[in-house]
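Working notes, structure below.
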Amino acid sequence: MTKRHLARPFGALAAVSMLALVAACGQDTGDAETSAAAPAASAPENTAEDAAPTDADAANFIAEVEKWTRDFGEYYARISWVQATYINYDTNWLVTKADTEATEKGVEFANEAKRFNDLDLPAGMRRKLEAIKLGVNLPAPSRPGAAAELAEVNTRMGAAYETGKIELDGEMVPRSDLEVMMGEVRDPAKLQEIWTKWREVPVTADADGNTIKSDYAKMVKLANEGARELGYADAGAMWRSRYDMDPDAFAAEMDRLWGQVKPLYDELHCYVRAELNEEYGDDVVPLDQPIRADLLGNMWAQTWSGLNDLVAPEGAAPSYSLTDQLVANGYDAEKIVKTGESFFSSLGFEPLPETFWERSMITKPADREVACHASAWDLDWADDIRIKMCTSVNADDFRTVHHELGHNYYQRAYQDKSVLFQTGANGGFHEAIGDMISLSITPEYLNKIGLIDEVPDASKDLGLLMNEAMEGVAFLPFGLLMDKWRWEVFSGELTPETYNEGWWKLREQYQGIRPPVARGSQYFDPGGKYHIPGNVSYERYFLARILQFQFHKAACEIAGWEGPLHRCSVYGSKAVGARFNAMLELGASEPWPEALAAFTGSREMDGSAMVDYFQPLLDWLQEQNEGRSCGW
Ligand code: X8Z
Ligand code: ZN
């Protein structure tokens, strides 16, 4: 999430609804003030509601929304920041109140924007009106009390997720420790225990009997009612409308992209299952079944890097571990963030402002509840950018720091645009910026910055590609199915009784995984993933995987790189920085294909760059899998 209309973080607790992603059609970037229909000094101030609205009325309305958004957005962001970094009764109360007001106003504006539907306006104004219509992440119906109820339910779900307590071996264990354990423990019984206990939280009742599951069902009802009032089929259709195309066309676009990269996943799945079978035997990992979800090295089986040592190709295991190197070189959270900053600086971006260092939260405070899920914030529509992370010194968080900084550099790049356009070209773009940089963290780069002494020779490339695939390729079907599930929930295809069944159907169909034990309808396993109680849309991360490689390929071409894509690092290329910035500074002021073209020259999202990148690994996996019966 982000400051769309309202300053909100990317990836932060979305317990509060916000005015959200900008989409819609339009070509020019003109602000109302400079466009043909800018309000003249003599424009009538109080047009009667029922009189046919004029272009000047529309311009006045847009200016009013921009002003309110700018002012309220900063207030809202500061309240949200305090709550996310200090969760308690009072900050929950404050954020619920601010969220209620934001939703009420956002819905009022979205309804009002419809008045101008029939005007033939300049493209930039039309685009702003569409942004206003889509601006509320989860709309409440306009009847009195509904926005407050929705805000209350969302705050409660988000806080319950972040603060839910889990006991293991007689001790209360921090959630982040459990996440780490899923990547380290290799005892199936223990893994099953941790996995199962994590998923008790969404069905554990508070003192008033509310669970994340019961609150989720309430949220769905309210948000759907609100979305229908605004003219969308349901809240899912509203979320799918943020991509400069028809919602159905967007769903088809996701499937098209998945079709491009699915062969990579299928080969990886087949190979990893066989390796797990060797480790655990036929009883635990039968070769013709979906893989047990708790064995894949991650709480949600969304990335499988926890298994890197198990799957390393013989003779090509990477000769270094980035985690070990970070520790051996005395890195702490701040040094990791500084390292990320200096990558962006090498591309020509200005250093982060002093306030970033003063105000960010980069390690977990010992004395209070915070939202540990990493996020990046822009609090004042300008330079007050920050990240919030409970950083550990390891390779995963090294990557996540780059991810979060990508959000901050994007936010700063588009700060001169209208507040209505201060967001990503589409959600996928925002998530892909830092991830593109991560692909430039090659052995050559690590050697250049002194983190490794020797650059491994090309015989180790397969091992490095395998590690990258355990992260990016493994993620693809999870990235896709999260919102497929939500779309089914919002459309009514799934009900609270079938939430869990529908979830596991998709998990099996797309990921080829199964739960370690039967999961009846009393459970709510999707609620064990941050973005579900947090209401953060997830299609953005699937798209980011695709865009990350597309951006990387374009960047390497700009840098004049001619070798294989996985060896390319654009560190230090000012030419890449300048072209990258040309895309970033547009924000959402133009339809996303224009932003994509500004950097890559292409107007289509395209999975073929990802396939190119992994081609040597794909060839190798196909050889390894020969004679195996793949699939599930
Ligand atoms: O939520 C995030 C970021 C914040 S925007 C840390 N990610 C997704 C996740 O953790 O599930 C990044 C990758 C996918
Ligand atoms: Zn993010």
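Every read-out reported here was derived from the displayed coordinates using simple, explicitly stated rules and does not represent laboratory data. Bear in mind the structure is a predicted one, so any value in this text is a computation, not a measurement. Don't worry about glycine lacking a Cβ; one is built from the backbone with ideal geometry, like all the others, and counts go over all protein chains shown.
Each residue in T155, T498 was given a count of other beta-carbon atoms within 10 angstrom of its own, and listing them fewest first yields T498, T155.
Residue-wise HN-Hα couplings along the stretch 448-462, as the Karplus relation 6.51 cos²θ - 1.76 cosθ + 1.60 with θ = phi - 60° gives them from phi, are 4, 8, x, 7, 10, 7, 10, 8, x, 7, 5, 5, 9, 4, 4 Hz; Gly and Pro carry x. Amide H contacts for L347 (H built 1.01 Å from N in the peptide plane; partners 5 or more residues away or on another chain; cut-off under 5 Å): G572.
Share of antiparallel DSSP beta bridges in the chain, in percent to the nearest 5? Around 75 percent antiparallel, to the nearest 5.
I'd like the FRET efficiency for K197 and T355, computed as 1/(1 + (r/R0)^6) with the beta carbon distance as r and R0 of 41 Å, rounded to 0.05. Intermediate results must be reported in sequence, preceding the final value.
Details: r = 40 Å, r/R0 = 0.97.
Plugging the Cβ-Cβ distance into 1/(1 + (r/R0)^6) gives 0.55.
Comparing A301, L230, L268 along the charge dipole axis of the stretch 188-324, the residue lying farthest to the positive side is L230, per the Cβ-charge model.
The phi torsions of the stretch 317-333, fed into the Karplus equation with coefficients 6.51, -1.76 and 1.60 and a -60° offset, translate into couplings of 4, x, 7, 9, 10, 4, 4, 4, 5, 5, 5, 4, 8, x, 5, 10, 4 Hz, rounded to whole numbers, with Gly and Pro shown as x.
Report the paramagnetic label zone for N447: residues of the stretch 526-567 whose backbone N is under 17 Å from a point 7 Å from Cα along the Cα-to-Cβ axis. From the stretch 526-567, the list is 562-567. For A52 and D248, the FRET efficiency from 1/(1 + (r/R0)^6), where r spans their Cβ atoms and R0 equals 41 Å, is about 0.80.
Close amide-amide hydrogen proximity is noted between T204 and I212, each under 5 Å apart and 5 or more residues distant or on a separate chain (H modeled in the peptide plane; Pro and chain starts excluded). Name the shape class, rounded, prolate or oblate, that the alpha-carbon gyration tensor gives for the stretch 236-296, where a ≥ b ≥ c are the square roots of its eigenvalues, rounded holds for a/c under 1.5, and otherwise prolate holds if a/b is larger than b/c and oblate otherwise. Since a/c reaches 1.5 and a/b is larger than b/c, the shape of the stretch 236-296 is classed as prolate.
For the pair K114 and A575, label points projected 7 Å from Cα toward Cβ lie 5.2 nm apart. Straightening the chain between L310 and A366 buys 16.7 nm, computed as 0.36 nm per residue apart minus the Cα-Cα spacing.
Other residues whose C-beta falls under 10 angstrom from the C-beta of G231 contribute a net charge of +2, scoring Lys and Arg +1 and Asp and Glu -1.
The ranking of W300, W239, W592 from fewest to most other beta carbons within 10 Å of each one's beta carbon is W300, W592, W239. Taking amide H as placed 1.01 Å from N in the peptide plane, the amide H of I166 sits under 5 Å from that of V173, each at least 5 places away or on another chain.
All other residues whose Cβ lies under 15 angstrom from that of L352 are scored, Lys and Arg at +1 and Asp and Glu at -1, for a net of -4. On a full-extension model of 0.36 nm per residue, what is the gain between T495 and E149, subtracting their alpha-carbon distance, rounded to one decimal in nm? Net length gain for the segment: 122.5 nm. Near A376: Cβ cut-off under 9 Å, other residues only, Lys/Arg at +1 and Asp/Glu at -1. The net charge is 0. Using 0.36 nm per residue and subtracting the Cα-Cα separation, the extra length available between K505 and A233 on full extension is 95.5 nm.
Less than 16 Å from a label point 7 Å out along the Cα-to-Cβ axis of V393: which backbone N atoms in the stretch 318-336 qualify, by residue? In the stretch 318-336, the label zone of V393 (backbone N under 16 Å from the point 7 Å along Cα→Cβ) covers 321-336.
Applied to the stretch 104-119, the Karplus parametrisation 6.51 cos²θ - 1.76 cosθ + 1.60 on θ = phi - 60° returns per-residue 3J(HN,Hα) values of 4, 5, x, 5, 4, 5, 4, 5, 5, 4, 5, 4, 9, 4, 8, 7 Hz, with x for Gly and Pro.
Qualifying trypsin sites (Lys or Arg not before Pro) in the stretch 504-535, where qualification requires a DSSP coil assignment and no more than 13 other C-beta atoms within 10 Å, are lacking entirely. Ranked by the mean number of other Cβ atoms within 10 Å of their residues, highest first, the peptides 599-609, 263-273, 546-556 fall in the order 546-556, 263-273, 599-609.
From least to most packed, judged by other beta carbons within 10 angstrom and beginning with the fewest, D57, D367 follow the order D367, D57.
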